[in-house]
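The next block holds one structure in the form of structure tokens; read it before the comments.
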Amino acid sequence: VDVLVHEATLGCGGGATGVGSGHSTAEMAGRAAAEVRAKVLVLTNFSARTSGRHTFAAAKASEEAAERAASASDVGAVVAAHDFMELAVPRGGFDRSELKR
């Protein structure tokens, strides 16, 4: 698998915020990426708390979630998605050795 797009709650500290209502944690997304040997993990979250707002706090939470996901897997790169983000996948897929965490 070249790219896995996975939802993850952006709760502080990777806690169980939202898990009871069907959300995943960043660590859960990282483990899912490891299971399918994804080269790139793209974390998404469509939360009413952050939707439509590009705040420093939301960006920081996304960055921290990406770091937690990376620590839970050996995926080549973890990206915190944002609205209207585009990800170009090279013809033939990603070369894991060229990816940076």
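Any read-out appearing in this document is the output of simple, stated calculations on the displayed coordinates, not a laboratory observation. Source: prediction; values computed, not measured. Heads up, the Cβs are rebuilt from the backbone with ideal geometry, glycines too, and the neighbour counts pull from every protein chain shown.
Quick look at the numbers
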quantity	calculated
Computed lengthening from His82 to Arg37, 0.36 nm per intervening residue step minus Cα-Cα distance	13.9 nm
Protection-proxy order for peptides 63-70, 26-33, 86-93, each taking the mean of Cβ atoms within 10 Å per residue, highest first	26-33, 63-70, 86-93
Vicinal HN-Hα couplings computed from phi for the stretch 89-94 (Karplus, 6.51 cos²θ - 1.76 cosθ + 1.60; Hz; Gly/Pro x)	9, x, 4, x, x, 7
Note, ³J(HN,Hα) from phi for the stretch 24-29, Karplus 6.51, -1.76, 1.60, rounded to Hz, x at Gly and Pro	9, 8, 4, 5, 4, 5
